[in-house]
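The structure appears right after this line, and notes come after that.
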Amino acid sequence: MPNLDIGTGPEGYEGFNFPVIDLSQCSTTDKASQGYCTALQLMRSACLHHGFFLITGHGISTELQTRMFEMAEAFFSQTLEEKLVVDEKKAWGRSHRGYQVIGGEAYEAGTLPDLKEGFQYGNHKDLDHPDAVAKRVLCGPNQWPSGLPGFRETMEEYHVAIHALAIKIFKLLSESLGVDYEGVFKSFTHDAANAVRLLHYPPHAEDTDTNQLGTGAHRDFGGITLLLTNDIPGLQVYDDSVNEWVGITPRSDAYIVNLGDIFQRYTGGDYKSSLHRVINKSSKDRYSIPYFFDGNLDAVLNPVTGIQDGVEALTVEEHMLERMTTSRARGKKDIT
């Protein structure tokens, strides 16, 4: 096990820099190698400071990523009537599958509804599956548009690839914490609730209200998020030490990874889930594809490291329902 003492990280690490970690250095069985140790140390340092880092060498093909963006653009270029055929409101129970209209959410209190539209899918569960019958959160069948050849096949292929990558990152995070993945986190990652979202952010006009954001300031609800984005910037992370928003420059060869509130709870607050937001100040459409890994719905969020006194031990499902209800209620309230 490499030396992973809590501290400021490798020499030269400067707080709110976002390290780029080459996962190909972690494919070796030699965990004492310089590349492996450096990758884990960078990951740990980023998580202790702000919970954001970039990964390359991830193994997901550029061809598949390109198809995902092509399908996203094709879906969102449809008429509103066509998109509403798979309206999220038609989804089974609380599965939150399908098209999400512009203004359907407001993550940040006191702001206008978010200037984005989305399409969400995840683990398909038939209507007779016990979780679907019980209408558990994020459980049910997906909705698919009928007029886009290859859309479903591309989405399902990507879901398999990105889920496997998330498991790999989760194992590395476990190792960076000095805990055994099999003994501590495998029950959390087994049959995990998860979702892929296609997101479209129209450009912000120069006279746009300052309370109008693409996505309002928030911390992600779940465990970890893996973000694929096009070359249009817009993602910003809040550095509370200097009260500034820090932009992350997108890279075509990299995923942006960030920790959510669930992972912060699991580490007793040692690893950070940071506020972030999206503002598309460019004149072009911004597309992004986040993958949310939320965990087994029955997992209890007791810290495996650190101490977090006074925080109620919720299950993953209880936590997700609480956060989802709040964000969607703000959007609906502000629209009407």
**Asked** Out of all the residues in region 229-252, is one or more of a type outside the set (S, T, N, Q) and in contact with a helix residue (DSSP H, G or I) (Cβ under 7 Å, 6 or more places away or on another chain)?
**Response** no
**Message:** Here's a check for you: in region 49-82, which residue that is in contact (Cβ under 8 Å) with a residue 24 or more places away in the chain and over 21 Å from the mean Cα position of the chain (by Cα) is farthest from I102 (Cα to Cα)?
**Reply:** A74
**Request:** Search region 191-212 for residues being of a type outside the set (G, A, S) and within 18 Å of the chain's Cα centre (by Cα), and hand back the single one that is nearest to G269 (Cα to Cα).
**Result:** N194
**Fill in**
Matching residues in region 11-29 (of a type in the set (D, E, K, R) and modelled with pLDDT of 75 or more) number 1
**Item:** The listed residue being farther than 19 Å from G183 by Cα, among the aliphatic types (A, V, I, L, M), out of contact with any Ser or Thr (no Cβ under 6 Å at 6 or more places or on another chain) and in contact (Cβ under 8 Å) with a residue 60 or more places away in the chain, out of L297, L275, L321, L314
**Value:** L321
**Message:** With the requirement that a residue be farther than 13 Å from F119 by Cβ and out of contact with any Leu (no Cβ under 6 Å at 6 or more places or on another chain), what does region 137-158 give you?
**Reply:** L138, C139, G140, P141, S146, G147, P149, G150, E153, E156, E157
**Request:** Take region 309-336 and flag every residue that is part of a helix (DSSP H, G or I), aliphatic (A, V, I, L, M) and modelled with pLDDT of 65 or more.
**Result:** V316, M320, L321, M324
**Members of region 218-265 that are in contact (Cβ under 8 Å) with a residue 24 or more places away in the chain, surrounded by fewer than 17 Cβ atoms within 10 Å (Cβ to Cβ) and in a strand (DSSP E or B)** = D239, W245
**Qualifying positions in region 172-193 - more than 22 Å from L321 (Cα to Cα) and surrounded by 14 or more Cβ atoms within 10 Å (Cβ to Cβ)** = L172, L173, S174, E175, S176, L177, V179, Y181, V184, K186
**Request:** Identify the single condition in (1) surrounded by fewer than 19 Cβ atoms within 10 Å (Cβ to Cβ); (2) over 25 Å from A74 (Cβ atoms) that P203 does not satisfy, given that it satisfies every other one.
**Result:** (2)
**Message:** When you scan region 143-163, do you find a residue that is touching a residue at least 60 places away in the same chain (Cβ under 8 Å), outside any strand (DSSP E or B) and among the β-branched types (V, I, T), even just one?
**Reply:** yes
**Prompt:** Does D270 satisfy being at pLDDT 90 or above, in a loop (DSSP other than H, G, I, E, B) and either within 22 Å of C47 (Cα to Cα) or touching a Cys at 6+ places or on another chain (Cβ under 8 Å) (or both)?
**Reply:** yes
**Request:** Within region 108-131, identify whether any single residue is in a helix (DSSP H, G or I) and either more than 28 Å from H218 (Cα to Cα) or touching a residue at least 24 places away in the same chain (Cβ under 8 Å) (or both), and answer yes or no.
**Result:** yes
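The values are calculated or read from the model by the stated rules, or taken from the named source; none is laboratory data. All values derive from a computational prediction rather than experimental measurement. Cβ atoms come from the backbone with ideal geometry, glycine included; neighbour counts cover every protein chain shown.
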